[in-house]
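Remarks on the structure that follows.
The values are calculated or read from the model by the stated rules, or taken from the named source; none is laboratory data. Quick caveat, the model's predicted, so the values are computed rather than measured. Every residue, glycine as well, gets a Cβ built from its backbone with ideal geometry; the counts of neighbours run over all protein chains shown. For accessibility, only protein heavy atoms count, side chains too; no ligands or nucleic acids. Shrake-Rupley method; radii C 1.70, N 1.55, O 1.52, S 1.80 Å.
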Amino acid sequence: MSKTKIIHLDSLSLEDAVNENSELIPLLTPEDEEIINKEDVPEVLPILPLRNTVLFPGVVIPITAGRNKSIQLIKDVSKGNKILGVVAQKREDVEDPTINDIYSVGVVAQILRVLKMPDGNITVIIQGKKRFELGEVVQEEPYLKAEVKEAIEERDYDKKEFEAIIDSLKDLALQVINENPMLPSEASFAIKNIKSNPFLINFISSNMDLSVMNKQVILEKDNLKERALLTLKNLDKELQKLRLRNDIQSKTRSDLDKQQREYYLNQQLKTIQEELGGVSHEKELDEMRINAKKKKWNKEVAEVFEKELNRLKRMNPQMAEYGVQRNYLELMLELPWGKYSKDKFDLKRAQKVLDRDHFGLEKVKERIIEHLAVLKLRGDMKSPIICLYGPPGVGKTSLGKSVAEALGRKYVRMSLGGLRDEAEIRGHRKTYIGAMPGRLIQNIKKAGTSNPVFVLDEIDKLGQSHQGDPSSAMLEVLDPEQNTEFYDNYLEVGYDLSKILFIATANNINEIPWALRDRMELINVTGYTIEEKVEIAKKYLFPKQLKEHGLSTEHLKVGKKEIEKIVEGYTRESGVRGLEKQVAKVVRYCAKCIAMEEEYNVELSVDDIETILGVPRMERDKYENNDTAGVVTGLAWTSVGGDILFIESILSKGKGNLSITGNLGTVMKESSTIAMKYIKANAEELGINHKIIDNYDVHIHVPEGATPKDGPSAGITMLTSLVSVFTQRKVKNKLAMTGEITLRGKVLPVGGIKEKILAAKRANIKEIILCAENKKDVDEINQTYLKGLTFHYVTEMKEVIDIALTKQKVKNAKKLSVE
């Protein structure tokens, strides 16, 4: 017969209750169970109330008796047959329980051993026998005695199903023992060696971590199968709780172990660093504090730095936040607080530097020299915020480098094209993982001074997205009244940007928000003229390309006529980027000839240019003639400079309808409608028969239909074309015009005058009609470019007709009949 140690109910789980020297008490076997089942239950039994446990049939438990009644009962029973009734109390705090304070179902028990404790209490080891139901009370003093009746167990169930439940109970019980470190491994042997199924159910129920009430519910179940299922359900819950508790303990233990390991490793690393003469964390912090004393920052920044340094000192170096905090403090130390480069006030030298690197751009150069002059006189001044706008390739960005050299300042460039995230300007808050300061602060750190020349390239191409509006963030940067305390989200303290010379560049100022545009000093950098491009190619581009290709002026010589051929025949732009590519192509041809020892002309001719670059594809429109009525030359502005265009009108028999073609925009179509209405309203003054207007359809066309055209500047050209076709009068030879018209016949000013005039000169135009208000634009142009041109300034359309149309009819004039 298998034996095991005495087991009792712990507050959490099964535990070894008796010390190693205790005698072994046998487990209940099927034979023992059969003997117990044959025993009769006495009609009257002394009742022992239990405070905090429930006794089950066949189970052995130790109990401690401390109440006088209980002690007396145990003494009397020990002298007799050692049989008593054990019933659980409903409430643990009742000191003198009556029949109403205990449950109605209990267990007949036999005293196996009585042990007297030094404190006067008695520990009794009892074993349960059979269940009973309480009846009438027979005696209350000195202890309870009552009539009892045996509680019959129902064993009407499917044996296979019952066996399956028993197997599940055993498996779960073994799992609980394995999961619970408080239980001895011997408990699993006890479970495996129990042969009696009812006793197994009672044994597990007795030792589960359940309340007295829940155990009593199990005990009161008469059906053995139901009792087994209820035990299985409660045991499964206990297993789940154990697993959850073990998982939590395991995670906690691993975290603690990791921290302890990191602490020990950190201490060892610190010792090794000190032995090798390296820098420990404390020394790094001390160095930071020493460097901070050398900084020229204000009291507020110094307090923030000291506060953040003390916070870093309290941190564990192995924490992730330590690196973030350290990077923040290093940024504060690396920024050039109050550090300014000394400006060079040699104005003549500055002028030479600007002229050396850039041809033309007089307004920009003049503004820089003015700023230097004021700085020289005053010594301190907020830097201007300049915006250079104009077509691509005219030298806006490269001008920043020349300005920095002229002033003797550091040069910084930040491209804003396609920027859509506000954090790129203001930075991220340092609480985020991977947080960084804005590009503005980063570039200032890179420059090493707080007054560099800062080029904000392509400011008109700032984007917007759900991450914010960078153009709104730029408002603070470019406002002289606000940027003395620029707030970066990462830095979290104000930084002075007022000494920085900001130079913004843009192609189209209409794309810049008006609030941002208002904060900048706008300077228009117009496209270069043919003459200017020839000079730029001769003075800058050819020497640069010869040097880059390892050649000198001895290997290649190009005259102005040949350069002009390259400019007019192979480029069509406002700037000189395309021109530089063509120049590079010419120089590469010479380099190839030299490398392959082939003959070539050192002094290139126009024919040589065509041989190298191919047939010219960019020849501009030239003035044709005035032989056809209704064909008038207009002037247009494009993104790559000025150009001429022809307005053509023709009449056909019809009902006075107007047709417009040539890929024209809304404004241009409206100009043609206005011109037609003006002619109808003033036909008599213009010498046109009303019936001709009503009996002929008019078609206006602007050639190059694939090219979109729009704008109001072709208004006077269209009106002149219509008057010419209705009257069949000849248009003045080599004449071009530009201007907007109104229904009253007024001529309004237009833009792009410089580009238009240069285009007219290239097209061999001799006379130009402009609005009188555009005279100021003509006066700003270098007079050398205006030689050979005659200007007519007008205010009304009648003046345009008088100047533009001659009294002579065109050759082969149409005879317009009126039916």
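A few comments on the model shown:
- Each Cα pair under 8 Å and six or more residues apart adds its sequence gap; the mean of these over the residue count of the chain is a relative contact order of 7 percent.
- Kirkwood radius and radius of gyration were both taken over the C-alpha atoms of the stretch 361-455, and their ratio Rg/Rh is 1.03.
- Probe 1.4 Å, protein heavy atoms only - accessible area per residue of the chain in square angstrom: 51 Å²
- Each residue of the stretch 324-333 is assigned a 3J(HN,Hα), and the resulting list reads 4, 5, 5, 4, 4, 5, 5, 4, 4, 6 Hz, derived from the Karplus form 6.51 cos²θ - 1.76 cosθ + 1.60 (θ = phi - 60°), x at Gly and Pro.
- Glu603 sits among other residues whose Cβ lies under 13 Å from its own Cβ, and their net charge, with Lys and Arg +1 and Asp and Glu -1, is -1.
- Volume per residue of the convex hull around the Cα atoms, evaluated for the stretch 417-458, comes out as 82 Å³.
- Taking a sphere under 10 Å around the Cβ of Val114 and counting the other residues whose Cβ falls inside, with K and R at +1 and D and E at -1, yields a net charge of +4.
- Using the Cβ of Asn489 as centre and a radius below 10 Å, the other residues enclosed give a net charge of 0, where K and R count +1 and D and E count -1.
- Virtual spin-label span in nm between Glu147 and Asp247, 7 Å along Cα→Cβ: 5.5 nm
- Scattering from the stretch 416-536 was approximated by placing one identical point on each alpha carbon and applying the Debye formula without solvent; log10 I(q)/I(0) at 0.16 1/Å stands at -0.80.
- In sequence order, the stretch 713-727 has phi-based couplings of 6, 8, x, 5, 5, 5, 5, 4, 4, 5, 5, 5, 6, 6, 9 Hz under the Karplus curve 6.51 cos²θ - 1.76 cosθ + 1.60, θ = phi - 60°, and Gly or Pro positions carry x.
- Size of charge dipole - the chain - debye, nearest 20, with Cβ of Lys, Arg +1 and Asp, Glu -1, no other charges: 4560 debye
- The stretch 347-443, relative contact order [Cα under 8 Å, separation at least 6], %: 24 percent
- Tensor-based shape of the stretch 615-746 (alpha-carbon gyration tensor, a/c under 1.5 rounded, otherwise prolate or oblate): prolate
- Candidate values (i) 47.9, 134; (ii) 29.1, 97; (iii) 52.6, 156 were compared with Rg and Dmax of the Cα atoms in Å computed on the shown model; the agreeing label is (iii).
- The overall shape of the stretch 97-256, judged from the alpha-carbon gyration tensor, is oblate: a/c is not under 1.5, and a/b is no greater than b/c.
- Taking the 1.4 Å solvent-accessible surface of the chain as the whole, the part contributed by carbon and sulfur is 49%.
- Checking the cross-link pairs Lys565/Lys756; Lys170/Lys251; Lys365/Lys499; Lys396/Lys538; Lys653/Lys734 against a 25 Å limit on the alpha carbon distance flags Lys170/Lys251; Lys653/Lys734 as lying beyond it.
- Per-selection Rg to Rh, the stretch 98-183 - Cα, Kirkwood hydrodynamic radius: 1.11
- Relative intensity, log₁₀ I(q)/I(0), of the stretch 713-801 from a Debye sum that treats every alpha carbon as a point, q = 0.11, 0.21 Å⁻¹: -0.29, -1.01
- In the stretch 477-532, the inverse of the mean reciprocal separation of distinct Cα atoms equals 13.8 Å; this is its Kirkwood hydrodynamic radius.
- For the residue pairs Lys561/Lys709; Lys293/Lys430; Lys401/Lys787, the alpha carbons lie more than 29 Å apart in Lys561/Lys709; Lys401/Lys787.
- Aspartates and glutamates with Cα under 12 Å of Lys237, excluding same-chain neighbours fewer than 8 positions away: Asp209
- Highest mean packing first, where packing is the average number of other Cβ atoms within 10 Å per residue, the peptides 45-54, 73-82, 796-805 line up as 45-54, 796-805, 73-82.
- Average projection area in nm² (convex hull over Cα atoms of the stretch 470-595, one quarter of hull surface): 11.7 nm²
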